[in-house]
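Visitor: Here it is: the structure, laid out below.
The values are calculated or read from the model by the stated rules, or taken from the named source; none is laboratory data. Given the structure is predicted, the values throughout are model-derived calculations rather than measurements. Note: ideal-geometry Cβ built from the backbone for every residue, glycine included; neighbour counts use all protein chains shown.
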């Protein structure tokens with residue numbers, strides 16, 4: 001899934017997000033420094049899944065760990081893959097909301113910066 005990203009700030013740097021790709025537990029954001037024009041991809045890794053009240057779903061035990069290991073490709077409540085993915089939100093972390101068409105549960109995937117790849 002690709003999505004356009006706005007200009008954002010990290011510390012004192014102004015950065016322009018070119019596009020966002022979500023793929024199997026990873027989010028890739030193509031970034032360009034507004035000042036110097038350098039380009040790279042920020043890579044965010046799926047590190048948590050939270051309910052609609054932002055409580056971690058660690059209480060699901062092995063389901064929680066399996067969900068993270070497999071990249072969040074199924075509903076953590078009923079295992080359905082019939083999911084409606086919301087937009088990707090970029091801040092100091094990356095969030096993506098989701099809801100399951102089968103059981104109607106809602107949750108959000110939380111991604112933290114885990115690497116960069118220079119162009």
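Visitor: Within 18 Å of the chain's Cα centre (by Cα), under 17 Å from residue 89 (Cβ atoms) and either exposed (fewer than 15 other Cβ atoms within 10 Å of the Cβ) or modelled with pLDDT of 90 or more (or both): is that true of residue 22 in this structure?
Guide: no
Visitor: Residue by residue through region 84-97, note down the ones that are touching a residue at least 24 places away in the same chain (Cβ under 8 Å) and surrounded by 13 or more Cβ atoms within 10 Å (Cβ to Cβ).
Guide: 85, 88, 90, 93, 94, 96
Visitor: Still on this structure: Looking only at residues in region 31-77 that are within 30 Å of residue 119 (Cβ to Cβ) and assigned to a helix (DSSP H, G or I), which one is farthest from the chain's Cα centre (by Cα)?
Guide: Per the stated criteria, the residue is 69.
Visitor: Here is a check on your reading of the model: is residue 44 surrounded by 16 or more Cβ atoms within 10 Å (Cβ to Cβ), in contact with a helix residue (DSSP H, G or I) (Cβ under 9 Å, 6 or more places away or on another chain) and touching a residue at least 12 places away in the same chain (Cβ under 8 Å)?
Guide: Spelling it out, it is not the case that residue 44 is surrounded by 16 or more Cβ atoms within 10 Å (Cβ to Cβ), in contact with a helix residue (DSSP H, G or I) (Cβ under 9 Å, 6 or more places away or on another chain) and touching a residue at least 12 places away in the same chain (Cβ under 8 Å).
Visitor: Working only within region 27-40, note down all residues that are farther than 28 Å from residue 99 by Cβ and either crowded, with 17+ Cβ neighbours inside 10 Å or in contact with a strand residue (DSSP E or B) (Cβ under 8 Å, 6 or more places away or on another chain) (or both).
Guide: 31, 32, 33, 34, 35, 38, 39, 40
Visitor: Could you say whether any residue in region 110-118 is surrounded by 13 or more Cβ atoms within 10 Å (Cβ to Cβ), under 14 Å from the mean Cα position of the chain (by Cα), on the phi < 0 side of the Ramachandran plot and outside any strand (DSSP E or B)?
Guide: No: zero hits.
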